[in-house]
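The values are calculated or read from the model by the stated rules, or taken from the named source; none is laboratory data. Bear in mind the structure is a predicted one, so any value in this text is a computation, not a measurement. Methodologically, a virtual Cβ is constructed for each residue, glycine included, from the backbone with ideal geometry; neighbour enumeration extends over all protein chains shown.
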Amino acid sequence: MSDGDLTFEQALAELETIADSLERDDLDLEQALSLFERGIDRLRVAGRLLDSAHGKIEELVQGASESFETRPLDPGREDTGEAASG
């Protein structure tokens, strides 16, 4: 699976597996370096995916703030969204 095909969850799961492997004492230096390099790669993939998700959230929030009106909470109103009788 190429880096572009990974989901955030897959990259994170692989990163956790790599971290677990690196914590064991049975790896030689070459294996440890190879796993570390792969871990850095997966960390970058996860970071890019998070940045992308963050950008999408910002766009949605920006769009929502342009289409919805905000107003101060009326203390006489119930939390159910209906006006209090009075």
For the stretch 6-31, give me each residue that is more than 30 Å from SER52 (Cα to Cα) and surrounded by 11 or more Cβ atoms within 10 Å (Cβ to Cβ).
LEU27, GLN31
Within the stretch 6-31, the residues that are among the acidic types (Asp, Glu) and more than 16 Å from the chain's Cα centre (by Cα) are ASP20, GLU23, ASP25, ASP26, ASP28, GLU30
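Here's the yes/no breakdown for (1) at pLDDT 75 or above; (2) over 19 Å from GLY4 (Cα atoms); (3) within 16 Å of the chain's Cα centre (by Cα):
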site	(1), (2), (3)
LEU33	yes, yes, no
PHE36	yes, yes, no
GLY39	yes, no, no
ARG42	yes, no, yes
PHE68	no, yes, no
SER85	no, yes, no
Collect the residues in the stretch 45-56 that are in contact (Cβ under 8 Å) with a residue 40 or more places away in the chain and either closer than 14 Å to GLU16 by Cα or surrounded by 12 or more Cβ atoms within 10 Å (Cβ to Cβ) (or both), keeping them in residue-number order.
VAL45, LEU49, LEU50
